[in-house]
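The values are calculated or read from the model by the stated rules, or taken from the named source; none is laboratory data. Here the structure is a predicted model, which is why all the values come from computation and not from measurement. Methodologically, a virtual Cβ is constructed for each residue, glycine included, from the backbone with ideal geometry; neighbour enumeration extends over all protein chains shown.
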């Protein structure tokens, strides 16, 4: 969507704060020994208390309120009986709807991780997201975000997942632009426009360039077991710095 009224701005800011707050609390609550279902239940309760509807369930009938993906699960992990263990990278993706507005964000938690390369993977993915967001301004081609993500990932010794991407958001969970890639595609010539609402994501991997469907109908995994760290914010495009509505 493109923001054109104060009511739309207020609506996006409100749902952005909710999903940002829920993600922050869920990340703080992650601990070894809990199940992904327990973590998901926490997020579900918070969204309900704040008057929001979990978007994956609302839009796609996903079997969870949030997506929780571990280690080589890059996206859309189903909450369940899996126990979180020391050394895991736990990605939490929170998206929700309230009053007809949607926002989306995600982040990765390193649970008692001592592997320096995995810690650097998380640090890099988060820092790259900040640089990618700063690139997104009125009139800039969408593919410049991918250029930044790909360049910075390789500079840090990592790879990007090419078949997962960011997207437009606002009045629905996935809108135009339908693809904000993690790599530079010179053929993709769409530009950011003032007021556009987008979810920018970094999918940074230790080795893999792509993911495959796990076989459960939802979860995407790296075929070689590579670890992935994902971070995501919903932002509003302006002529200068984007407004990050999911930052809390």
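May I ask you to say which residue of 166, 225 is surrounded by 20 or more Cβ atoms within 10 Å (Cβ to Cβ) and within 30 Å of residue 117 (Cα to Cα)?
So the residue among 166, 225 that is surrounded by 20 or more Cβ atoms within 10 Å (Cβ to Cβ) and within 30 Å of residue 117 (Cα to Cα) is 166.
Considering only residues that are within 11 Å of residue 202 (Cβ to Cβ) and surrounded by fewer than 17 Cβ atoms within 10 Å (Cβ to Cβ), look in the stretch 112-144 and name the one that is nearest to the chain's Cα centre (by Cα).
Across the stretch 112-144, the extreme among qualifying residues is 126.
Can you confirm whether the stretch 228-247 contains a residue that is in contact (Cβ under 8 Å) with a residue 12 or more places away in the chain, in a loop (DSSP other than H, G, I, E, B), more than 15 Å from residue 133 (Cβ to Cβ) and touching a strand residue (DSSP E or B) at 6+ places or on another chain (Cβ under 6 Å)?
No, the stretch 228-247 contains no residue that is in contact (Cβ under 8 Å) with a residue 12 or more places away in the chain, in a loop (DSSP other than H, G, I, E, B), more than 15 Å from residue 133 (Cβ to Cβ) and touching a strand residue (DSSP E or B) at 6+ places or on another chain (Cβ under 6 Å).
Being in a strand (DSSP E or B) and surrounded by 23 or more Cβ atoms within 10 Å (Cβ to Cβ): is that true of residue 103 here?
Against the criterion (in a strand (DSSP E or B) and surrounded by 23 or more Cβ atoms within 10 Å (Cβ to Cβ)), residue 103 qualifies.
Which residue, of 81, 131, 137, 126, is within 20 Å of residue 237 (Cα to Cα) and assigned to a loop (DSSP other than H, G, I, E, B)?
None of the other options fit; the residue is 137.
Among the candidates 185, 216, which residue alone is loosely packed, with under 14 Cβ neighbours inside 10 Å and assigned to a loop (DSSP other than H, G, I, E, B)?
Being loosely packed, with under 14 Cβ neighbours inside 10 Å and assigned to a loop (DSSP other than H, G, I, E, B) holds for just one of 185, 216, which is 216.
Got a sec? Which of 86, 8, 45 is over 27 Å from residue 243 (Cβ atoms), part of a helix (DSSP H, G or I), modelled with pLDDT of 95 or more and out of contact with any helix residue (DSSP H, G or I) (no Cβ under 9 Å at 6 or more places or on another chain)?
45 is the lone residue from the list that is over 27 Å from residue 243 (Cβ atoms), part of a helix (DSSP H, G or I), modelled with pLDDT of 95 or more and out of contact with any helix residue (DSSP H, G or I) (no Cβ under 9 Å at 6 or more places or on another chain).
Which of the residues that make up the stretch 159-181 are touching a helix residue (DSSP H, G or I) at 6+ places or on another chain (Cβ under 6 Å), without any contact (Cβ under 8 Å) to a residue 60 or more places away in the chain and part of a loop (DSSP other than H, G, I, E, B)?
181
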